[in-house]
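For reference, the structure is listed below as structure tokens.
The values are calculated or read from the model by the stated rules, or taken from the named source; none is laboratory data. Values in this document were obtained by computation on a predicted structure and should not be read as measured data. Neighbour counts run over all protein chains shown; Cβ positions are idealised from the backbone, glycine included.
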Amino acid sequence: MTMLCWLFPGGQDGPLFNYRNTGSWGVHLWVVAGKLFVRFTKRDYSFTNALLHTELKPEDGWKFVGASYDSSSGDARLWVDGNEVQKLNIGTNLLLATQDSVRMGVKIGDGRFFKGRIAQMQVYNVALSQEQIQAIRSKTQVAECQKPLGMERGFITNAQITASSQWDANHAAVQARLHFKAGGGKQGAWSARPNNQNQWLKVDLGSESDIKIIGTQGRNAYNQWVTSYKLDYSNDDSSFQYYRDPGSNIDKVFTANKDRDTVVYHKLTLPMKVRYIRVIPWTWHSHISMRMELYGCLGCHSPLGMESRAISDVQISASSQWDANHAAIQGRLNFQAGGGKQGGWSAKANNQNQWLQADLRKVRKVTHLATQGRNGNSQWVKSYKVEFSNDGSTFQFYKEQGADKIFSANNDRDTIVYNFLSSPITARFVRIHPWTYQSHISMRMEIYGC
């Protein structure tokens with residue numbers, strides 16, 4: 001048999017497709033521990049060995065995923081985007097537990113449910129070949145430009161989110177991120193100060209971008225939500241125009257939420273790329289409170305290659321390194337400790353003269369930076385400055401409001417912290433200068449732009 005679907009991860013574990021709605025488990029395809037998971041259960045509901053592979057991240061957008069079992073060879077396989085990512089022999093000629101009814105996205109009695117999106121689910125009673133799976137993928141393409149733009153994961157930074165008002169600092173605009181949870185005194189959403197139709201929540205995308213979908217939620221842990229809203233947009237943050245459906249001369253009022261946490265999506269057809277977009281609550285339940293995400297394609301915010309290694313080792317340098325096992329080339333985002341190599345770049349000295357540099361090979365526009373601490377050890381950079389150059393010799397510090405900008409950075413080993421350059425720089429060489437640090441100067445980074 002073969003199960004295939006297009007999957008847009010929601011960042012949570014949960015079922016994609018189950019045989020048998022409740023009780024014993026039939027054949028099931030899930031996301032478990034953030035990865036694709038399948039178990040080809042036998043007809044008597046006894047388990048075979050499971051397959052688990054490939055981290056599924058919302059920022060990667062739609063993936064064509066699936067699993068197959070070939071009864072003649074006994075091979076079970078996991079597939080991602082037409083490629084086999086794992087194979088395991090679980091035995092030949094198995095009778096599988098496919099005799100029961102099916103359910104997508106949920107299993108009765110299990111608290112986990114899938115919060116992403118599933119499209120074009122297909123089930124075949126044969127094990128398809130790679131060529132067949134690739135052909136199906138090419139025939140069933142979903143829209144490419146539908147990635148979450150960063151409200152939930154933080155790529156859209158706090159500085160890019162503003163509002164007309166807020167109830168207080170514990171109901172701030174930055175709490176309007178999709179799936180933001182109440183805790184530590186912070187309430188589970190942005191809440192406006194007054195309840196009227198002059199309130200808005202605004203996102204600055206940093207550059208002109210395609211926005212295809214909007215998703216909204218109410219306030220986590222409290223019965224407040226927006227029941228309808230309008231949108232307006234701008235490229236200069238001054239002249240805004242209301243969103244209207246194509247061919248309409250009436251401002252669109254979007255139907256929104258009916259509870260605290262369910263995400264309500266709407267597709268958009270904007271007449272142009274936009275940098276600024278505002279949600280204007282129109283009606284609400286109890287009080288104006290909301291969370292949101294935008295989906296589409298950012299204009300100039302692609303990772304330039306620290307993590308992917310498009311930036312090669314010879315393009316990465318540093319002021320110093322503790323030793324060869326703490327080298328500058330270990331300053332790549334998500335680099336993991338192992339094989340004697342430590343989990344980040346570590347400077348030899350702890351002072352404000354240290355730096356980690358990437359040579360982009362040509363002049364590029366840089367809009368965002370991301371940093372992490374040292375994997376496997378409690379060392380990280382808490383703040384930094386940015387320096388840039390076109391010739392690798394004459395550098396200047398990035399400034400905001402006439403002064404060198406000191407960016408807030410990390411509070412732990414592995415969490416990614418993004419920073420937005422409100423005035424993007426154009427440069428070939430980019431340096432991060434650690435300014436303050438925990439225990440020792442150690443870090444990993446990525447550069448974003450175009």
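Observations
- Subset of segment 29-53 [part of a loop (DSSP other than H, G, I, E, B), under 14 Å from PRO15 (Cβ atoms) and not small (Gly, Ala, Ser)]: THR41
- Yes/no for PHE420 being more than 17 Å from ARG374 (Cβ to Cβ) and touching a helix residue (DSSP H, G or I) at 6+ places or on another chain (Cβ under 7 Å): yes
- Residue within segment 351-359 that is surrounded by fewer than 20 Cβ atoms within 10 Å (Cβ to Cβ) and of a type in the set (D, E, K, R) present: yes
- Residue in segment 64-84 that is free of Cβ contacts under 8 Å to residues at least 12 places away in the same chain and under 29 Å from the mean Cα position of the chain (by Cα) present: no
- Some residue of segment 47-58 being at pLDDT 95 or above and either of a type in the set (Asp, Glu) or in contact with a Ser or Thr (Cβ under 9 Å, 6 or more places away or on another chain) (or both): yes
- Residue that is surrounded by the fewest Cβ atoms within 10 Å (Cβ to Cβ), among those in segment 252-275 that are more than 20 Å from the chain's Cα centre (by Cα) and not in a loop (DSSP other than H, G, I, E, B): THR255
- Looking only at residues of segment 41-69 that are of a type in the set (Lys, Arg) and under 20 Å from GLN120 (Cα atoms), we find that the one that is surrounded by the most Cβ atoms within 10 Å (Cβ to Cβ) is LYS63.
- Answer residue from segment 130-164, given it is assigned to a loop (DSSP other than H, G, I, E, B) and of a type in the set (S, T, N, Q) and is surrounded by the fewest Cβ atoms within 10 Å (Cβ to Cβ) among those: GLN141
- Enumeration of residues in segment 1-28 that are aliphatic (A, V, I, L, M), assigned to a strand (DSSP E or B) and either over 23 Å from the mean Cα position of the chain (by Cα) or over 16 Å from LYS115 (Cβ atoms) (or both): MET3, LEU4
- Complete set of residues in segment 303-326 that are of a type in the set (Gly, Ala, Ser), more than 15 Å from ILE432 (Cα to Cα) and assigned to a loop (DSSP other than H, G, I, E, B): GLY305, SER308, ALA310, SER312
- Put simply, of ARG444, ARG413 the only residue that is in contact with a helix residue (DSSP H, G or I) (Cβ under 8 Å, 6 or more places away or on another chain) and either free of Cβ contacts under 8 Å to residues at least 24 places away in the same chain or buried (at least 18 other Cβ atoms within 10 Å of the Cβ) (or both) is ARG444.
- Taking the criterion of being of a type in the set (Ser, Thr, Tyr), farther than 21 Å from ILE288 by Cα and without any contact (Cβ under 8 Å) to a residue 40 or more places away in the chain, the residues of segment 225-253 that qualify are SER238, SER239, SER248.
- With respect to being at pLDDT below 95 and under 30 Å from THR283 (Cβ atoms), GLY150 fits the description.
- Search result, residues across segment 364-380 that are over 16 Å from TYR398 (Cα atoms) and either touching an Asp or Glu at 6+ places or on another chain (Cβ under 6 Å) or not hydroxyl-bearing (Ser, Thr, Tyr) (or both): GLN372, GLY373, ARG374, ASN375, GLY376, ASN377, GLN379, TRP380
- A count restricted to segment 274-299 and to residues that are at pLDDT below 95 and not small (Gly, Ala, Ser) stands at 3.
- Hey, THR98 β-branched (Val, Ile, Thr), part of a loop (DSSP other than H, G, I, E, B), in contact with a Phe, Trp or Tyr (Cβ under 8 Å, 6 or more places away or on another chain) and at pLDDT 95 or above or not: yes
Listed here are the residues, each with its yes/no results for (1) of a type outside the set (Gly, Ala, Ser); (2) farther than 22 Å from VAL417 by Cα.
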residue	(1), (2)
GLY305	no, no
VAL314	yes, yes
ALA328	no, no
ARG332	yes, no
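- Which numbered condition GLY392 misses (of (1) at positive phi; (2) in contact (Cβ under 8 Å) with a residue 40 or more places away in the chain): (2)
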